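Participant: Can you keep this structure in mind? I'll have questions shortly.
Any read-out appearing in this document is the output of simple, stated calculations on the displayed coordinates, not a laboratory observation. These figures come from a predicted structure and were not determined experimentally.
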Amino acid sequence: MENEKRVYNRIKAHLALKRVKNKTLAHQLNVSEQTVSKWCTNLTQPTIPQLYSIAEYLKMNVCELLEPMTDIK
């Protein structure tokens with residue numbers, strides 16, 4: 001299970017729910033489509049300011065974009 005990929009954000013799910021394309025979000029935030037794709041697949045993460053910009057654009061709370069921590073012991 002050590003090789004299991006961690007999911008830190010739910011950007012992809014919320015883009016799908018809001019019917020927003022990666023290209024549209026990339027244009028809005030002035031980043032590349034590849035950057036948004038990497039966020040959506042959790043290969044990389046947006047900065048905190050970018051996360052707030054995404055939440056603002058999608059008209060939602062920034063906390064909704066983050067995956068809850070379930071494995072804290």
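Participant: Specify whether the C-alpha gyration tensor of segment 1-40 places it in the rounded, prolate or oblate class, a ≥ b ≥ c being the square roots of the eigenvalues: rounded for a/c under 1.5, otherwise prolate if a/b is larger than b/c and oblate if not.
Facilitator: Since a/c reaches 1.5 but b/c is at least a/b, the shape of segment 1-40 is classed as oblate.
Participant: Test of understanding: what is the full-extension gain from Leu43 to Lys23, defined as 0.36 nm times their sequence separation minus their Cα-Cα distance?
Facilitator: Details: separation 20, 0.36 × 20 = 7.20 nm, distance 1.74 nm.
Between Leu43 and Lys23, full extension yields 5.5 nm more.
Participant: Using 0.36 nm per residue of separation minus the Cα-Cα distance, give me the extension gain between Tyr52 and Lys12 in nm, one decimal.
Facilitator: Working: separation 40, 0.36 × 40 = 14.40 nm, distance 1.53 nm.
Residue separation times 0.36 nm, minus the Cα-Cα distance, leaves 12.9 nm.
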